[in-house]
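Input: a single structure, listed below in C-alpha cells.
Here, each number is a calculation from the coordinates, and none is a lab measurement. Just so you know, these numbers come straight off a predicted model, no measurement behind them. Note: ideal-geometry Cβ built from the backbone for every residue, glycine included; neighbour counts use all protein chains shown.
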C-alpha cells in the first residue's frame, strides 16, 4: 500500500462519494416510482456499505477468513429474515392481531384527537 492510494485525498474522495450517494438515496422517494425508489435505495446502501468496508475498515487487506465470516453473518441474517418476514408482515395470526392504522383521523398537539 502506498501513501498515494490511502492518503487524505483518497479518504476525502470516498467521503464525497458517500455524501453524493446519501443525497441520491434521500431524493429518490421524491421521484414517486415505488419500485425504482426501493431498487436504488437498496443498491446504494449495498454500495455504500462496500465502500466503507473496503476503504475505511480495510476488509480487503484482512486475511481471507474475515471476509468469509462477514459473508456467513450476512447469509444467516438473510435466512433469519426470510424465515420470519412471512409471519411478522401479516396483519393477523393464530395468537395475535396487528390492528390497521387509520389515516383519516386528524391529530392535534401531542397525539390528541381534535
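Placing pseudo-labels 7 Å out from each Cα toward the beta carbon at residue 79 and residue 30 gives an inter-label distance of 4.3 nm. If the segment from residue 72 to residue 45 were pulled out straight at 0.36 nm per residue, it would be longer than the present Cα-Cα gap by 7.8 nm. Dividing the radius of gyration of the alpha carbons in region 1-83 by their Kirkwood radius gives 1.07 for Rg/Rh.
Please give the contour-minus-distance gain from residue 6 to residue 57: 0.36 nm per residue of separation, less the Cα-Cα distance, rounded to one decimal in nm. So the chain would gain 17.2 nm between residue 6 and residue 57. Label-to-label distance, residue 87 versus residue 15, with points set 7 angstrom from Cα along the beta-carbon direction: 4.5 nm. Sorting 12, 54 by the number of Cβ atoms found within 10 Å of their own Cβ, with the fewest placed first, yields 12, 54.
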